[in-house]
Amino acid sequence: MAQLVHIPDGPAMGIGAGLPSGHRSPHEMEGWSGRTAWKRATAGGVGSPAPAVGSAVKRRSFVDRLSMGLALFFVSAPVFWLGLMALWLFWFKLGIAPGTGYVSIGASFGSWLSHMIMPWVVLALLFAAFYARMTRGNLIETMAQDYIRTARVKGLPEWKVIFKHGLRSSLTPVVTMFGMDLGTLFGGAVITETVFNLQGIGQWVVSSVFNSDLPVILAVTIVTSLAITLLNLLVDIVYAYLDPRVRYT
């Protein structure tokens, strides 16, 4: 496949670079599931409820307009463009990031972490912005419910009304999307791995499709389907904790 992008003074990045799909070395195969898990954790961390709660409580304020404007920007921006801009700013201009490529965690934990931070954040920004907008809308609707007014009349502190009664009920749709977005994460990982020159599961699948490597395609499909199923099972369990009205028999 044609080379997609090239950053000056850095390695070329393109789909299909490296070894054939069926002959990945242990170094290249190391940490695929770990990188995916960290990307999910980063999405949850970057998309923490704090900006959404501030926007919902202070509607039409500067904080609300700024945070939702940034969320709209990151939802709309293509993942590959965010990755290229991050490389251009933090690597090419400022020189505070190591750039592209992958370093084994066994070789150097610091180098591994510095190489993985930008891909994590870039891929997580799309999901985090979407979660923030959804949490804000749900929290605004929840804070108008009768039981919220009852909690305030009882004299509960405002922070407890918001976080214990309001936010807890507002997170159920977000948790649902968190479980369903794992498939989308694998799709976005293909582009992110290409931009940052990471030999990951996304590039492996694309290379396997072009090389007609059916065992690899079937294996990744089965593992991904199993991961999505288990994650949605975990989402159903978390439901009972977030919403006391949900009970399983």
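Tell me, which residue of the stretch 85-97 that is surrounded by fewer than 18 Cβ atoms within 10 Å (Cβ to Cβ) and in contact with a helix residue (DSSP H, G or I) (Cβ under 8 Å, 6 or more places away or on another chain) is modelled with the highest pLDDT?
Keep residues of the stretch 85-97 that are surrounded by fewer than 18 Cβ atoms within 10 Å (Cβ to Cβ), which gives 85, 88-90, 92-97.
Next, only the ones that are in contact with a helix residue (DSSP H, G or I) (Cβ under 8 Å, 6 or more places away or on another chain) stay: 90, 96-97.
On the way: 90: 88, 96: 83, 97: 80.
Within the stretch 85-97, the match that is modelled with the highest pLDDT is 90.
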Residue under evaluation residue 82, criteria (1) farther than 30 Å from residue 236 by Cα; (2) without any contact (Cβ under 8 Å) to a residue 60 or more places away in the chain; (3) surrounded by fewer than 17 Cβ atoms within 10 Å (Cβ to Cβ); (4) not small (Gly, Ala, Ser), criterion not met: (3)
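Given the structure, is residue 132 touching a Pro at 6+ places or on another chain (Cβ under 7 Å), farther than 23 Å from residue 195 by Cβ and not in a loop (DSSP other than H, G, I, E, B)? Before the answer, list the steps.
Numbers: touching a Pro at 6+ places or on another chain (Cβ under 7 Å): yes; farther than 23 Å from residue 195 by Cβ: yes; not in a loop (DSSP other than H, G, I, E, B): yes.
In short, yes.
Condition first: more than 15 Å from residue 128 (Cβ to Cβ) and not basic (Lys, Arg). Now tell me which residues in the stretch 50-65 satisfy that. Reasoning before the result, please.
We begin by selecting, within the stretch 50-65, every residue more than 15 Å from residue 128 (Cβ to Cβ); these are 56-65.
Across the stretch 50-65, the qualifying residues are 56, 57, 61, 62, 63, 64.
Suppose we filter the stretch 195-226 for residues that are surrounded by fewer than 17 Cβ atoms within 10 Å (Cβ to Cβ), in a helix (DSSP H, G or I) and among the small types (Gly, Ala, Ser); how many remain?
Restricting attention to the stretch 195-226, the residues satisfying the condition of being surrounded by fewer than 17 Cβ atoms within 10 Å (Cβ to Cβ) are 209-212, 214-215, 217-219, 221-223, 225-226.
Filter once more, keeping what is in a helix (DSSP H, G or I): 209-210, 214-215, 217-219, 221-223, 225-226.
The next check asks that each one be among the small types (Gly, Ala, Ser); those that pass are 219, 225.
Counting residues in the stretch 195-226 that are surrounded by fewer than 17 Cβ atoms within 10 Å (Cβ to Cβ), in a helix (DSSP H, G or I) and among the small types (Gly, Ala, Ser) gives 2.
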Residues of the stretch 120-170 satisfying the condition of being under 25 Å from residue 185 (Cα atoms) and of a type in the set (Ser, Thr, Tyr): 131, 135, 170
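For the subset of the stretch 55-79 comprising residues that are in a loop (DSSP other than H, G, I, E, B) and of a type in the set (Gly, Ala, Ser), which member is surrounded by the most Cβ atoms within 10 Å (Cβ to Cβ)?
Filtering the stretch 55-79 down to residues in a loop (DSSP other than H, G, I, E, B) leaves 58-61, 77-78.
Those left that are additionally of a type in the set (Gly, Ala, Ser): 61, 77.
Values: 61: 12, 77: 15.
Only one residue tops the list, namely 77.
The values are calculated or read from the model by the stated rules, or taken from the named source; none is laboratory data. Not measured: the values here are computed from a predicted model. Cβ sites come from the backbone with ideal geometry, for glycine too, and all protein chains shown count toward neighbours.
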